[in-house]
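One structure below.
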Amino acid sequence: MNKVAIVGTGQTPVREHWELPIRHLAVEALLNALNDNNHAVTPQSIYVGNMLSGALSEQEHLGALIADYAALEGTEAVKVEAACASGGAAFRQAVYAVASGTVDSAAIVGVEKLTEMSGKNSSSALATAADADYETSLGLSFVAINALIMRRYMYEYGYEKEDFAYFPAIAHNNAQQNPNAMFHFAFDKEQYRKSKMIADPINLLDSSPIADGAAAAIVVPLEKARKMTNKYVTVEACEVGTDTLALDNRKNPIYLKAVERSTLKAINTAGMNHKNIDFFELHDAFSIITSLSLEASGFCRIGEAIKEVQTGRFNIDGQLPITTHGGLKGRGHPVGATGMYQIVEAVQQLMETAPSALQLDDASVGMAQNIGGSGATVITTLLKRTG
Amino acid sequence: MDIPRYWRLRNQRYKLEGSRCKACGKLFFPPRQICTKCKKREMEPYRFSGRGTIYSYTTVYQTSERFEKQLPSIFAIVKLEEDVLVTAQLADIQEWAVKIGMEVKMVVRKIYEEKQTGPIMYGYKFRPLIDVD
Ligand SMILES: [Zn+2]
């Protein structure tokens, strides 16, 4: 297998892009990535990560559409879907393609257009990540499923609702410094306490906003990257773990087994241990998921993520910064694009092109983890800087 | 949900019918074709008693258009007495009275009504075993 490197990234700001169709969002990010670092790459294959184009834009078949509009007529292109983990899943396919030697360069673009329909329709479409026959068709929303996890977690480990405020507070603090983020405001504990309840105990400030956006990256064999540029990041691992779609089918619904599976695989593949990881772009769709990700990834003991966050360990200047560009909560959650935003942001940290207030000192390994549904698909990527 | 799917799910929705592995006895809801424990493909239908306790719950204030009329609604994961979890809406109870560990039993109630002229979908919900008010 060839070792794989990322030589370019691109993104659009995460916004409600009312004026832009899904194809323009994707092409914008893709072209930015192809021309990043002053080189022009012509990808031999394109992987599009997207969840809801069929449901919301009435547009499937994104692969060929995006290849065409990016002026890459004739290029192999295909859409990859794994709910909110579609971006990470597309990245994994591209890494495979390059590592196997089948192609010499591949582009990945994660894209989502949520504002094509009303918020209620977007929420119903998003809920298709869950079990249709035994969760959503009974009236369960995606937020409600996460609320069921959070309530049980609070019960088992003895936490209060307010204890969870630390996680979205970090996300919002970091997002303020990221021009591409959706939200640019901080909040205090009182605002958190008064925030509108969506599915008790999850309130609005626990919930990542669904929005429009696209993020892209270009991967090539390491040997080729070395010849092209001195600015690249290596993909040390990109590993997938799965679990039951329905939450109630799990032995322990408050432990994300697929997070554990994909993290352990990634760490093994990379030949690393937890101490090698300098920062963690995690999938904070809801505050409770941040806790569960940190615990099942092995960064905290079970039930203790909330104690750890209070020590400042996960702040931007802490020992293991998380959601350095705002995460899903602050940057925004353009569902199928989210996994690629995480990768792009991790690359920026490692290439030292992050916004100055967010730039970590001497970060050499970053972990990005993209979660689909309430933990049914998890893709963990380990990236390393060069030099 | 349209009629073919509703009809297909009738044994689950009305009878809480799952499956039982003939080889190792493991119980499943919803039904499966292969046992996740012993990997045998010898399943038979199994009807759950419908008795259980609340494992977790949530009061929902925002939902899709189809279920909006019922807001606020309470959902729970119920641990059935056969030690299998099932997720459903709670009926005949106010939020303040719901507790983890509370005993509940399955009832068949209206899940939702498709517009004004569409079919009415029924299915399992859970209510307190002992009345609370
Ligand atoms: Zn069995």
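The values are calculated or read from the model by the stated rules, or taken from the named source; none is laboratory data. What you are looking at is a predicted structure, and each value in this text was computed from that prediction instead of being measured. FYI the Cβ positions are ideal-geometry reconstructions off the backbone, even for glycines, and counts take in every protein chain you see. The accessibility values were calculated without ligands, DNA or RNA, using every heavy atom of the protein model including side chains. Shrake-Rupley method; radii C 1.70, N 1.55, O 1.52, S 1.80 Å.
Given the options B:Y61, B:Y57, B:Y46, name the one that is away from the ligand (no atom under 16 Å from the Cβ), among the aromatic types (F, W, Y) and in contact (Cβ under 8 Å) with a residue 24 or more places away in the chain.
Values: B:Y61 fails: in contact (Cβ under 8 Å) with a residue 24 or more places away in the chain; B:Y46 fails: away from the ligand (no atom under 16 Å from the Cβ).
None of the others qualify; the one that does is B:Y57.
Please indicate, with yes or no, whether at least one residue in the stretch A:8-22 is part of a strand (DSSP E or B), among the hydroxyl-bearing types (S, T, Y), touching a strand residue (DSSP E or B) at 6+ places or on another chain (Cβ under 6 Å) and buried (at least 24 other Cβ atoms within 10 Å of the Cβ). It would help to see each step written out before you state the result.
Pass one, the stretch A:8-22, residues part of a strand (DSSP E or B): A:8-11, A:15.
Filter once more, so that each one left must be among the hydroxyl-bearing types (S, T, Y): A:9.
Subset that is touching a strand residue (DSSP E or B) at 6+ places or on another chain (Cβ under 6 Å): A:9.
Checking the rest, the ones that are also buried (at least 24 other Cβ atoms within 10 Å of the Cβ) come to A:9.
The answer is yes, given that some residue of the stretch A:8-22 is part of a strand (DSSP E or B), among the hydroxyl-bearing types (S, T, Y), touching a strand residue (DSSP E or B) at 6+ places or on another chain (Cβ under 6 Å) and buried (at least 24 other Cβ atoms within 10 Å of the Cβ).
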| query | Can you pull out the residues in the stretch A:135-180 that are within 14 Å of chain B (Cβ to nearest Cβ), outside any helix (DSSP H, G or I) and surrounded by 21 or more Cβ atoms within 10 Å (Cβ to Cβ)? | reply | A:E135, A:G139, A:L140, A:S141
| Boolean, A:N370 is in contact (Cβ under 8 Å) with a residue 60 or more places away in the chain and over 24 Å from A:A107 (Cα atoms) | no
| query | Is there a residue being modelled with pLDDT of 95 or more, of a type outside the set (A, V, I, L, M) and more than 21 Å from the chain's Cα centre (by Cα) anywhere in the stretch A:108-129? | reply | no
| said: Name the single residue that is least open to solvent (accessible area, probe 1.4 Å) among those in the stretch B:12-26 being more than 12 Å from chain A (Cβ to nearest Cβ) and under 16 Å from the mean Cα position of the chain (by Cα). | reply: B:S19
| query | Here is a list of conditions, (1) facing chain A (nearest Cβ under 8 Å); (2) open to solvent by less than 70 Å² (accessible area, probe 1.4 Å), and B:G101 meets all of them except one; can you say which number that is? | reply | (1)
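On the basis of being among the aliphatic types (A, V, I, L, M) and surrounded by fewer than 19 Cβ atoms within 10 Å (Cβ to Cβ), does A:A368 make the cut?
no
Is it the case, given these coordinates, that A:A40 is over 19 Å from the mean Cα position of the chain (by Cα), assigned to a helix (DSSP H, G or I) and more than 25 Å from A:L328 (Cβ to Cβ)? Write out each step before concluding.
On the way: over 19 Å from the mean Cα position of the chain (by Cα): yes; assigned to a helix (DSSP H, G or I): no; more than 25 Å from A:L328 (Cβ to Cβ): yes.
When the stated conditions are applied, A:A40 does not pass them.
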| One residue from A:T244, A:T234 being in a loop (DSSP other than H, G, I, E, B) and surrounded by fewer than 24 Cβ atoms within 10 Å (Cβ to Cβ) | A:T244
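Kindly indicate which of A:T102, A:T128, A:T115 is of a type in the set (S, T, Y), touching a residue at least 60 places away in the same chain (Cβ under 8 Å), surrounded by fewer than 22 Cβ atoms within 10 Å (Cβ to Cβ) and more than 18 Å from A:G373 (Cα to Cα). Give the steps one after another, and end with the answer.
Details: A:T102 fails: touching a residue at least 60 places away in the same chain (Cβ under 8 Å); A:T128 fails: more than 18 Å from A:G373 (Cα to Cα).
Only one candidate passes the filter, namely A:T115.
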| remark: In the stretch B:104-126, anything open to solvent by 40 Å² or more (accessible area, probe 1.4 Å), among the basic types (K, R) and out of contact with any Gly (no Cβ under 8 Å at 6 or more places or on another chain) is listed as B:K110, B:K115
| query | B:K40 fails exactly one of the following numbered conditions: (1) out of contact with any Cys (no Cβ under 9 Å at 6 or more places or on another chain); (2) surrounded by fewer than 17 Cβ atoms within 10 Å (Cβ to Cβ). What is the number of that condition? | reply | (1)
| Members of the stretch B:39-69 found to be of a type in the set (S, T, N, Q) and under 17 Å from the mean Cα position of the chain (by Cα), listed by number | B:S49, B:T53, B:S56, B:T58, B:T59
| remark: Taking first residues from the stretch A:13-27 that are closer than 11 Å to A:D68 by Cα and second residues anywhere that are open to solvent by less than 20 Å² (accessible area, probe 1.4 Å), the pairs with Cβ under 6 Å that are 6 or more apart or on different chains are A:V27/A:A70
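Is it the case that B:Q94 is more than 8 Å from every other protein chain (Cβ to nearest Cβ) and open to solvent by 20 Å² or more (accessible area, probe 1.4 Å)? Steps first, answer last, please.
Numbers: more than 8 Å from every other protein chain (Cβ to nearest Cβ): yes; open to solvent by 20 Å² or more (accessible area, probe 1.4 Å): yes.
So B:Q94 fits the description; yes.
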| remark: Within the stretch B:52-77, of all residues that are touching a Lys or Arg at 6+ places or on another chain (Cβ under 9 Å) and closer than 18 Å to B:P30 by Cβ, the one surrounded by the most Cβ atoms within 10 Å (Cβ to Cβ) is B:G52
| note | Among residues of the stretch B:47-87 being more than 7 Å from chain A (Cβ to nearest Cβ) and small (G, A, S), the residue farthest from A:P253 (Cα to Cα) is B:S49
| task | Give just the number: which of (1) away from chain B (no Cβ under 14 Å); (2) open to solvent by 10 Å² or more (accessible area, probe 1.4 Å); (3) of a type in the set (G, A, S) does A:S86 not satisfy? | result | (2)
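Within the stretch A:247-276, how many residues are open to solvent by 10 Å² or more (accessible area, probe 1.4 Å) and not acidic (D, E)? Give the derivation first.
Filtering the stretch A:247-276 for residues open to solvent by 10 Å² or more (accessible area, probe 1.4 Å) gives A:248-252, A:255, A:257, A:260-261, A:264-265, A:267-276.
Narrowing further to those that are not acidic (D, E): A:249-252, A:255, A:257, A:261, A:264-265, A:267-276.
Matching residues across the stretch A:247-276 total 19.
From the list A:N276, A:N249, which residue is within 14 Å of another protein chain (Cβ to nearest Cβ) and not aliphatic (A, V, I, L, M)?
A:N249
Picking from A:Q310, A:Q342, which residue would you name as being among the polar types (S, T, N, Q) and surrounded by fewer than 22 Cβ atoms within 10 Å (Cβ to Cβ)?
Values: A:Q342 fails: surrounded by fewer than 22 Cβ atoms within 10 Å (Cβ to Cβ).
Among A:Q310, A:Q342, only A:Q310 is among the polar types (S, T, N, Q) and surrounded by fewer than 22 Cβ atoms within 10 Å (Cβ to Cβ).
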| field | In the stretch A:199-219, the residues that are more than 25 Å from A:Q359 (Cβ to Cβ) and either crowded, with 24+ Cβ neighbours inside 10 Å or of a type in the set (S, T, N, Q) (or both) | value | A:A199, A:I202, A:N203, A:D206, A:S207, A:I210, A:D212
| task | Consider only pairs whose beta carbons are under 9 Å apart and that are at least six residues apart or on different chains; among these, list those whose first residue lies in the stretch B:18-35 and is more than 12 Å from the ligand (Cβ to nearest atom) and whose second residue is part of a loop (DSSP other than H, G, I, E, B) and small (G, A, S). | result | B:P30/A:A246
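Do we have A:A214 as within 24 Å of A:Q348 (Cβ to Cβ) and either of a type in the set (A, V, I, L, M) or free of Cβ contacts under 8 Å to residues at least 60 places away in the same chain (or both) here?
Working: within 24 Å of A:Q348 (Cβ to Cβ): yes; either of a type in the set (A, V, I, L, M) or free of Cβ contacts under 8 Å to residues at least 60 places away in the same chain (or both): yes.
Taking the combined requirement at face value, the residue satisfies it.
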